[in-house]
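The values are calculated or read from the model by the stated rules, or taken from the named source; none is laboratory data. Quantities reported herein were computed from a predicted structural model and do not represent experimental measurements. All Cβ positions, glycine included, derive from the backbone under ideal geometry; neighbour counts span all protein chains shown. Ligands, DNA and RNA are stripped out before the accessible areas are found, and what is left, the full protein with its side chains, is counted by its heavy atoms. Shrake-Rupley method; radii C 1.70, N 1.55, O 1.52, S 1.80 Å.
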Protein chains: 4
Amino acid sequence: MSPTPLHHPIPDTQSERDERHLAIQQVGVKRVRFPLQLKLGAQMQGTVGEWSLDVALPAEKKGTHMSRFVAWLEAGADLAFDAALLRARHVDMLNLLGAVSGRSEVSFTFFIKKRAPVSGIESRLDHQARWIVETDAQGHTRLWQEVAVPVKSLCPCSKEISDYGAHNQRSLVTIRAELLGDDLPFAQQVRFAEESASSELWPLLKRADEKWVTERAYENPRFVEDLVREVALRLNKEPRIGHYRVEVENFESIHAHSAFAVIER
Amino acid sequence: MSPTPLHHPIPDTQSERDERHLAIQQVGVKRVRFPLQLKLGAQMQGTVGEWSLDVALPAEKKGTHMSRFVAWLEAGADLAFDAALLRARHVDMLNLLGAVSGRSEVSFTFFIKKRAPVSGIESRLDHQARWIVETDAQGHTRLWQEVAVPVKSLCPCSKEISDYGAHNQRSLVTIRAELLGDDLPFAQQVRFAEESASSELWPLLKRADEKWVTERAYENPRFVEDLVREVALRLNKEPRIGHYRVEVENFESIHAHSAFAVIER
Amino acid sequence: MSPTPLHHPIPDTQSERDERHLAIQQVGVKRVRFPLQLKLGAQMQGTVGEWSLDVALPAEKKGTHMSRFVAWLEAGADLAFDAALLRARHVDMLNLLGAVSGRSEVSFTFFIKKRAPVSGIESRLDHQARWIVETDAQGHTRLWQEVAVPVKSLCPCSKEISDYGAHNQRSLVTIRAELLGDDLPFAQQVRFAEESASSELWPLLKRADEKWVTERAYENPRFVEDLVREVALRLNKEPRIGHYRVEVENFESIHAHSAFAVIER
Amino acid sequence: MSPTPLHHPIPDTQSERDERHLAIQQVGVKRVRFPLQLKLGAQMQGTVGEWSLDVALPAEKKGTHMSRFVAWLEAGADLAFDAALLRARHVDMLNLLGAVSGRSEVSFTFFIKKRAPVSGIESRLDHQARWIVETDAQGHTRLWQEVAVPVKSLCPCSKEISDYGAHNQRSLVTIRAELLGDDLPFAQQVRFAEESASSELWPLLKRADEKWVTERAYENPRFVEDLVREVALRLNKEPRIGHYRVEVENFESIHAHSAFAVIER
């Protein structure tokens, strides 16, 4: 039943030379789930990271050492991650793989505890987030912090033309921001989206809160174009952010498709 | 480069006897994409079917003949499918596999051309549909026709408690109906959902239409409980339907989660 | 900017009587993400739960109290969950909603630390899991514990007919087991699948381990029918399990579709 | 029941001026499903397109005309699409929206009829494809044709170090190619991937075919790095292609995660 024993050194096929003269920009692993201990300010949150890790491979090298990516994850299993730590760990990964350029990406869910606007009742709203660290062939490294924020949008046109009511819907505001060095707390990045929307969302609302959200949205109609611009205006004032990409997607309640808008800087 | 030639009869491992004395309720293939020619009344629509096909396997048989499921799909490649044809083809599948009981399931997208409520402008709304044919160990066969209908729901509570506006959102009404024999056109099944909603949806709306949809929804508020009951009332009056399952999911615009309700008969 | 203040009691539309005489089997919330503290034996793991929560609604009641489901989640935010705790919490949920029958379901990822077969190097393998607690109209409660285990399957037919090699692939073994009362550790449920496969998987393998896995799989070929039966045999010997459903899906490496098999008891 | 009639001209809120001085790079619709009639050489195939359509919006304009995107789809409902037609239709879309730059993207499934390698039996293999047409601010237009090809990869290392067998798995080769003008048939683009793999796939295989595929893969082991390079070599010889991106993802059968590699030109 058991496989044959190992009598001799095992050949290392991946370390051979490659004669096709073609560099590979990215080679690595993806869809790797691993426990992720998040450090959100003073608070810790245990979550699940889905990682994509790769390095560039020069033309003359036949293959990379795939198992080292997973070994690198295991080596960091007990650490509490924030953007700064990932930036440091990324350098370790490049060293471990013997690579100049490469990319670490991790997607995860985190939670923010919020108070409902009238009742003050607390609940935890989930957000999808992502960190991407990229080092190019010149050794220049960039770190991106992304968060997707669910909000409410209410259509100005529908409000204007209708005798009563206005169609509204859930929207998703995804902000990918290059961090220039200093840490930008997720909670602040989320606020750029929430302050720009017709209303923010809460998991738990009492009737007085529901009234508040309904009226607040009716008083603050936003086209998808308005929403993306409002977010961009806020990002433009934030010195900790360099390049960015904002996408707003409205899951239209009068159609079965979405409206969307993107601003990049 | 080419594999070795075939000198002798190839053993048929799957046809051997199994000694574990365990019947298998379902064995077959899934995630098989295949072109699907739909017959919707007098009209033909080319779409893509994703099939799941299985049979029961008696305790003494080691395996089924997986390739016959795909051969069965190929044999039907030039046919125009409606529920009645699938029912007939399902019997052929059971015969081909030498099985008493089994299951054919196909999921697909189809389109209905609609006129906007005021402008009359035409557009095609997509729907996700499914047919399931099941034959049990006694040889009794049931056919289910499912369609998922996107609609608009507006919250009665939000309307009642707010000085203006009311939160509303896209909802998905999924109706799985056992057809008692006679054909039930998809267009009619879709109407059960649309007539029950705060408003139906159109892909293409002019401003006069958008005003109509907005006001129509405001005049017809529906909780998720109302919507599922309204659909069930309509299904209860339809003699071509036996058992059914209705699920309504509201993609709430004041939360990041859904509300849902189910009625089964 | 701020919505109008609240001058008078807010009407509670959902508590009114309904005149359509239709009971609703399930009404509640779904796609609710919430932090989940898992108790796996002596060990704690922080992860993310996605919840679906519902109750039955009698014919005369207009609506349920949706916000109470989220309030129930919030009330359990600091608890460490195992199957027994969820069973107890489920009763609290029914009481909070004033319901006889209802359903709590939570899906989540957890990790098992494993040692590679030759090198002994450690790594954490992720599994998708689910708990479902259901109370029917007679007040009878069942708890299901589900885990999806990725394994390797190697085709006996391909091995038998080929002069060398055999096609193999990743498979997913999903075991949903009714727990009769006593706790069944996830680690044991996972072993039922791993012991039945051509080989189990590890995230981190050295070359000596890769040799072991390759040869081990070649020595243990399994059709999808074999794999599902081997798991069922193991479940049949486990007194802590009542009803169960095992599904094996092979992501076939010689096709673009899957083969699958199901045994239910 | 019916909404109020329309007494006066409806205001056109989207056509107003915007004072935030922020251009929007992309604004439009996404997740729009629409029937797609494909012209694949001399052959027609009916399928379902999922569209994403957008234009750039200058800083001074408040909004775009969302309904025109859907009107543009409707206007093309009876056409048979190939890459050349989409390029022409894209210009019409920009004109209809009054935009200089913009983007049309459509994803769809198509089928190729193949003969099994030994038995010659025919079956249809599905492929996921995509066309993207992009016009930048200078009015320069590029068209990308993408296809995802499922193939088989067998690990050279596993073969080399093991006394028998070798792990293998399904892989997905995604080739996104800029078409320089002349049409590149999908069937040829698919061959670049299939010829580079350990073996190509067929939906329907007899035992003699399964033997052939198994042995063929064993004789042609490929790392993910080999596979991506082999595809790139073939693309480099094709004069109809400009820039390209090739990604190979191996759904590893010894792990629960993927290995991947990317070459871009």
Subset of segment C:51-83, residues over 30 Å from residue C:21 (Cβ atoms) and more than 9 Å from every other protein chain (Cβ to nearest Cβ), comes to C:75, C:76, C:78, C:79, C:80, C:81, C:82, C:83
Some residue of segment C:102-109 being farther than 23 Å from residue A:124 by Cβ and among the polar types (S, T, N, Q)
no
Only one of D:227, D:204, D:172, D:154 is surrounded by fewer than 21 Cβ atoms within 10 Å (Cβ to Cβ) and either modelled with pLDDT under 95 or over 30 Å from residue D:98 (Cα atoms) (or both); which?
D:172
Please specify each residue of segment C:94-111 satisfying the condition of being of a type outside the set (Lys, Arg) and within 15 Å of the chain's Cα centre (by Cα).
C:104, C:105, C:106, C:107, C:108, C:109, C:110, C:111
Could you list, in sequence order, the residues of segment B:44-93 that are within 19 Å of the chain's Cα centre (by Cα) and polar (S, T, N, Q)?
B:45, B:47, B:52
Scan B:74, B:60, B:134 and give me the residue that is farther than 30 Å from residue B:199 by Cβ and either basic (Lys, Arg) or open to solvent by less than 60 Å² (accessible area, probe 1.4 Å) (or both).
B:74
Restricted to segment D:238-265, and to residues that are surrounded by 24 or more Cβ atoms within 10 Å (Cβ to Cβ) and free of Cβ contacts under 8 Å to residues at least 24 places away in the same chain, which residue is farthest from residue D:165 (Cα to Cα)?
D:257
What about residue B:177, is it more than 14 Å from chain D (Cβ to nearest Cβ), buried (at least 19 other Cβ atoms within 10 Å of the Cβ) and closer than 14 Å to residue B:242 by Cβ?
yes
Would you check if there is a residue in segment D:9-17 being among the hydrophobic types (A, V, I, L, M, F, W, C) and not in a loop (DSSP other than H, G, I, E, B)?
no
Looking at this structure, is residue D:128 among the polar types (S, T, N, Q) and more than 14 Å from every other protein chain (Cβ to nearest Cβ)?
no
Could you tell me which numbered condition residue C:92 fails, if it satisfies all but one of (1) within 19 Å of residue C:193 (Cα to Cα); (2) charged (D, E, K, R); (3) not in a strand (DSSP E or B)?
(1)
Give just the number: which of (1) farther than 23 Å from residue D:252 by Cβ; (2) within 7 Å of another protein chain (Cβ to nearest Cβ) does residue D:186 not satisfy?
(2)
Restricting attention to segment A:100-122, does a residue exist that is in contact with a Lys or Arg (Cβ under 9 Å, 6 or more places away or on another chain), of a type in the set (Gly, Ala, Ser), at pLDDT 95 or above and open to solvent by 20 Å² or more (accessible area, probe 1.4 Å)?
yes
Only listed residue being in contact with a His (Cβ under 8 Å, 6 or more places away or on another chain) and more than 9 Å from every other protein chain (Cβ to nearest Cβ), chosen from B:97, B:86
B:97
Would you point out which residue out of A:26, A:43 is touching a Lys or Arg at 6+ places or on another chain (Cβ under 8 Å), more than 10 Å from chain C (Cβ to nearest Cβ) and of a type in the set (S, T, N, Q)?
A:26
Looking for whichever is of a type outside the set (A, V, I, L, M, F, W, C) and more than 14 Å from chain A (Cβ to nearest Cβ) here; the options are B:158, B:162, B:107, B:119. Which one fits?
B:107
Hits in segment D:212-222 (condition: crowded, with 24+ Cβ neighbours inside 10 Å, touching a residue at least 40 places away in the same chain (Cβ under 8 Å) and not aromatic (Phe, Trp, Tyr)):
D:213, D:217, D:222
Have a look at A:46, A:41 and point out the one that is modelled with pLDDT under 95 and open to solvent by 10 Å² or more (accessible area, probe 1.4 Å).
A:41
When you check residue D:196 against the structure, is it in contact with an Asp or Glu (Cβ under 7 Å, 6 or more places away or on another chain), more than 14 Å from chain C (Cβ to nearest Cβ), over 30 Å from residue D:28 (Cα atoms) and of a type in the set (Gly, Ala, Ser), yes or no?
yes
Kindly indicate whether any position in segment C:184-191 is closer than 26 Å to residue B:69 by Cβ and either crowded, with 18+ Cβ neighbours inside 10 Å or polar (S, T, N, Q) (or both).
no
Do we find that residue C:9 is modelled with pLDDT under 95, more than 9 Å from chain A (Cβ to nearest Cβ), open to solvent by 10 Å² or more (accessible area, probe 1.4 Å) and over 25 Å from the mean Cα position of the chain (by Cα) in this structure?
yes
